[in-house]
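The values are calculated or read from the model by the stated rules, or taken from the named source; none is laboratory data. Being a predicted model, the structure only gives us computed values, none of them experimental. Cβ coordinates were reconstructed from backbone atoms using ideal geometry, including for glycine residues, and neighbour counts include every protein chain displayed. What goes into the accessible areas is simple: the full protein's heavy atoms, side chains included, and nothing from ligands, DNA or RNA. Shrake-Rupley method; radii C 1.70, N 1.55, O 1.52, S 1.80 Å.
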Amino acid sequence: MQVRADFSRKEVVRPGEAEWVASPQKGVDRLMLDRIGDEIARATTLVRFEPGSFFPHHVHGGGEEVFVVDGLFEDEHGRYPEGTYLRDPIGTSHSPFTKHGCLLFVKLWQFSPKDVARVVIETKPGDWMRAGRDGMAVLPLHDFEGESTYLIRLAPGLQLERNMHPAGEEILVLDGTFSDEHGDYPAGTWIRDPAGSEHTPYSVSGCTLFVKAGHLPKI
């Protein structure tokens, strides 16, 4: 299976533009954002757990990166409320479940074998830092071998300078509306800008973004 597998293309998926599909596990549905492979796949996915659902014990053969968009996600290692960022390296395992339901942003098989640290960050009480100019704040989550993951908060009316992404950029809009010269991206939108792309971002209403940069193949 291949879904938005051409990483030289800009891709945008707004809410309602892609179909949720059932996973092999009852009560767990997926919205596939990009994918190369079948059940074992390099994949970027929104995963929706219904209340009381679970996923059987499994090993992360290629690592798993999770951001809890909504609800409370749990496993035998802990509880992860809305806003939690979680990295389980290659070879780790767990049996995830939820009592009340949750929505996750999940990336599979996108780990370096050298990246062996487990990371759990609750971002709600996070220490945001001013980033470059008034009205822009950043909360770093992870950096490894040129790949950076962080949250960005843009104040209403903020216009940023034009910027380029030598090794690509991927964004999930968590709240508000993010914009650039190519369009408007409301909460729930996923954006993938290829290596070498550039744009001039801004936000009229203000927004919060989950961002990954430096991780896409150069073209």
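One table, with the values for the structure above:
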{"item": "Amide H partners (placed H, <5 Å) of Val204, local residues excluded", "result": "Gly157"}
{"item": "Highest-fluctuation residue, Glu169, Glu50, Glu65 considered, GNM on the chain with Cα pairs under 10 Å", "result": "Glu50"}
{"item": "Potential lengthening between Met1 and His58 on full extension [0.36 nm per residue; Cα-Cα distance subtracted]", "result": "18.4 nm"}
{"item": "Segment 27-107 - Debye-derived log10 I(q)/I(0), Cα point model, q = 0.12, 0.26 Å⁻¹", "result": "-0.30, -1.52"}
{"item": "Prolate/oblate/rounded call for segment 1-47, Cα gyration tensor, a/c under 1.5 rounded", "result": "oblate"}
{"item": "For segment 38-167, accessible area per residue (1.4 Å probe, heavy atoms of protein chains only), Å²", "result": "50 Å²"}
{"item": "Stretchable slack from Val120 to Ala187, in nm (0.36 nm times residue separation minus alpha-carbon distance)", "result": "21.8 nm"}
{"item": "Answer label for Cα extents along the principal axes in Å (calculated), chosen among (i) 54, 52, 36; (ii) 49, 42, 33; (iii) 46, 38, 36", "result": "(iii)"}
{"item": "Derived scalar couplings ³J(HN,Hα) [segment 61-76; Karplus, 6.51 cos²θ - 1.76 cosθ + 1.60; whole Hz; x for Gly, Pro]", "result": "x, x, x, 9, 10, 9, 10, 7, 6, 7, x, 10, 9, 9, 8, 5"}
{"item": "Cβ-defined net charge surrounding His182, 10 Å radius [Lys, Arg +1; Asp, Glu -1]", "result": "-3"}
{"item": "Contact order normalised by residue count of the chain, Cα under 8 Å, 6+ apart, percent", "result": "18 percent"}
{"item": "Area of Arg153 that stays accessible when all protein chains are in place (1.4 Å probe, Å², to 10)", "result": "110 Å²"}
{"item": "For peptides 98-108, 3-13, sequence by mean Cβ density within 10 Å, most packed first", "result": "98-108, 3-13"}
{"item": "Fraction of the pair-distance distribution of segment 179-219 above 11 Å, Cα-Cα pairs, percent", "result": "71 percent"}
{"item": "Solvent exposure, largest accessible area first (probe 1.4 Å, DNA, RNA and ligands not counted), of Arg79, Arg30", "result": "Arg79, Arg30"}
{"item": "Between segment 142-166 and segment 71-93, the Cα center-to-center distance that results, in Å", "result": "24 Å"}
{"item": "Size of charge dipole - the chain - debye, nearest 20, with Cβ of Lys, Arg +1 and Asp, Glu -1, no other charges", "result": "80 debye"}
{"item": "Surface share of carbon and sulfur [accessible, 1.4 angstrom probe, percent] for segment 119-178", "result": "53 percent"}
